[in-house]
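Everything below concerns the one structure shown next.
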Amino acid sequence: MSVLFGWVLPYIVIILFLGGMIHRMLMWAHVPVPFKLTVFPSPKTTGGAVADLVKETVGFRSLWRGNKGLWFGAWLFHISLAMVIIGHAVGIYYSGHHFMMFGSTAEQSEHLSVVIGTYAGIALLLGLLILLIRRASSPQLRFISNFSDYLVLLLILGIAMSGMYMRWFADVPYSVVRSYLAGLLTLRPIAPPDNSAFMVHFTLVQLLLLYFPYSKLMHACGLFFSRWLITRPHERQVILK
């Protein structure tokens with residue numbers, strides 16, 4: 001089982017994930033746009049259009065104008081998820097290195113990373129529970145929801161819970177995970193960490209990546225396509241006399 005889920009499945013997942021992502025984005029990029037979709041008031045410069053896109057991506061500005069409860073749950077979920085992903089990447093990459101944050105010692109930096117990761121994980125669980133309870137308790141949302149809507153939330157919930165379990169009860173050193181992932185990336189796989197909680201966590205992550213390009217989660221990429229179409233700067237009009 002460790003060979004299947006620790007060696008074989010990761011290569012299948014990465015091929016299907018990258019292939020699906022590239023395919024979907026190429027499809028969007030080649031969709032013809034016969035006329036300008038920019039809505040008023042739109043930025044007049046490229047810098048303004050980029051700033052508008054950043055505000056929407058980070059602050060969920062359009063959602064804020066509507067349901068404040070939905071905005072809070074969605075914002076908390078997405079921001080904490082981004083922090084968790086960045087924290088994993090930084091922690092795994094710099095494990096075994098003398099990485100300093102804000103001039104602190106290596107031990108203080110590691111402790112700070114653990115504290116930030118713990119709070120981000122708790123915030124992620126809270127955001128997930130808000131979105132899940134909201135979807136399950138609203139008759140209107142239950143009517144328009146299908147199995148895939150709940151599947152995604154439950155998958156991410158399982159990933160977050162297994163990750164927090166590892167952090168609190170079954171600590172797996174970042175250095176061990178780094179060596180394992182480095183072996184996969186260099187096509188010289190080694191045995192995965194001998195920890196059942198890690199294998200559950202890692203397998204759930206792989207299932208999510210496998211499903212990602214073919215699900216509604218692609219809105220994370222589609223946002224940039226759609227928002228640019230309606231916020232890109234005005235084209236200058238040339239008046240012939």
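Conditions tested, residue by residue: (1) without any contact (Cβ under 8 Å) to a residue 40 or more places away in the chain; (2) within 20 Å of SER80 (Cα to Cα).
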residue	(1), (2)
PHE147	yes, no
LEU155	no, yes
GLY163	no, yes
PHE169	yes, no
PRO173	no, no
ARG178	no, no
LEU181	no, no
LEU184	no, no
ALA197	yes, no
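Here is a list of conditions, (1) more than 29 Å from LEU126 (Cβ to Cβ); (2) at pLDDT 90 or above, and GLY158 meets all of them except one; can you say which number that is?
All conditions pass for GLY158, except number (1).
Please specify each residue of the stretch 56-79 satisfying the condition of being among the β-branched types (Val, Ile, Thr) and over 20 Å from ARG135 (Cβ atoms). If you could, list the steps in order and put the result at the bottom.
Within the stretch 56-79, the first condition is being among the β-branched types (Val, Ile, Thr), and the residues that meet it are 57-58, 79.
Scanning the stretch 56-79 gives THR57, VAL58.
Only one of ALA74, ALA51 is more than 24 Å from MET166 (Cβ to Cβ), at pLDDT 85 or above and in a helix (DSSP H, G or I); which? Reasoning before the result, please.
Numbers: ALA51 fails: at pLDDT 85 or above.
From the options ALA74, ALA51, the qualifying one is ALA74.
Could you tell me whether ILE92 is at pLDDT 85 or above and β-branched (Val, Ile, Thr)? Quick ask: steps written out before the conclusion?
Numbers: at pLDDT 85 or above: no; β-branched (Val, Ile, Thr): yes.
So ILE92 fails the test.
In the stretch 179-214, which residues are under 27 Å from HIS23 (Cβ atoms), polar (S, T, N, Q) and part of a helix (DSSP H, G or I)? Steps first, please.
Taking the stretch 179-214 and keeping what is under 27 Å from HIS23 (Cβ atoms), we get 181, 184-187, 189, 202-214.
Filter once more, so that each one left must be polar (S, T, N, Q): 186, 203, 206.
Hits for the stretch 179-214 are THR203, GLN206.
Looking only at the stretch 60-71, which residues are surrounded by fewer than 12 Cβ atoms within 10 Å (Cβ to Cβ) and not in a helix (DSSP H, G or I)? Walk me through it before giving the result.
So in the stretch 60-71, the residues surrounded by fewer than 12 Cβ atoms within 10 Å (Cβ to Cβ) come out as 62, 65-66, 68-69.
Answer for the stretch 60-71, where residues must be surrounded by fewer than 12 Cβ atoms within 10 Å (Cβ to Cβ) and not in a helix (DSSP H, G or I): ARG65, GLY66.
The values are calculated or read from the model by the stated rules, or taken from the named source; none is laboratory data. No experiment lies behind these values; they were computed from the predicted model shown. Glycine also receives a Cβ, built like all others from the backbone with ideal geometry; neighbour counts cover every protein chain displayed.
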